[in-house]
Amino acid sequence: MKKFWLFAIVLLALVGYAGYTGYGLRIGEFAWTFSPDRQRVFDATKRFLEDLQFKDFDHAAEFHTEDDKKKKKIPQLIEEKFLTKPEFLDIRHFEILRLEISSAGDRARVLTRTTMKQLNSELLRGKDDVKNVDSIWYWKKSGGKWFMDLQSSL
């Protein structure tokens, strides 16, 4: 019985340390950390990429400030980021590799890897046209909410 309690205490200490280091605990799609801001940025990045994956550009624009939404067209910026038109972009899979928050707690950056395929391309026919694209998405905290910094990210 003592071995069980010793194992449980060591396991809890390791989980606590993983959350405390800032990288948190991540098992597959599940992520846990002591920082609510880290979790909010992680979830927002995941939802943003899902919106791109399912071509819901109106909802993807909700992660940006009102000024950014008025200035730029999200589909055009996505085309510049992934070097393909949004209608030809087939996001197969994405994962969040690293998330960092500034020491002031008002800025964040998220490194992601997106597995994508360019559809309807005569140039790529017969070639391995599935590729991985690493991207960094920048976030700013304003009024207690996190917004993607459109100029830096896309």
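The values are calculated or read from the model by the stated rules, or taken from the named source; none is laboratory data. Quantities reported herein were computed from a predicted structural model and do not represent experimental measurements. Every residue, glycine among them, receives a Cβ derived from its backbone with ideal geometry; neighbour counts consider all protein chains shown.
Worth a mention:
- Beta carbons closer than 6 Å, at least 6 apart along the sequence or on distinct chains, never pair a first residue in the range 49-69 that is over 11 Å from MET148 (Cβ atoms) with a second that is surrounded by fewer than 14 Cβ atoms within 10 Å (Cβ to Cβ) and among the hydroxyl-bearing types (Ser, Thr, Tyr).
- Annotation: PHE30 fulfils all but one of (1) of a type in the set (Phe, Trp, Tyr); (2) over 16 Å from the mean Cα position of the chain (by Cα); (3) modelled with pLDDT under 85; the unmet one is (2).
- Here GLU62 fits the description: in the same structural domain as LYS140 (by TED's automatic domain parsing), farther than 26 Å from VAL130 by Cα and of a type in the set (Asp, Glu).
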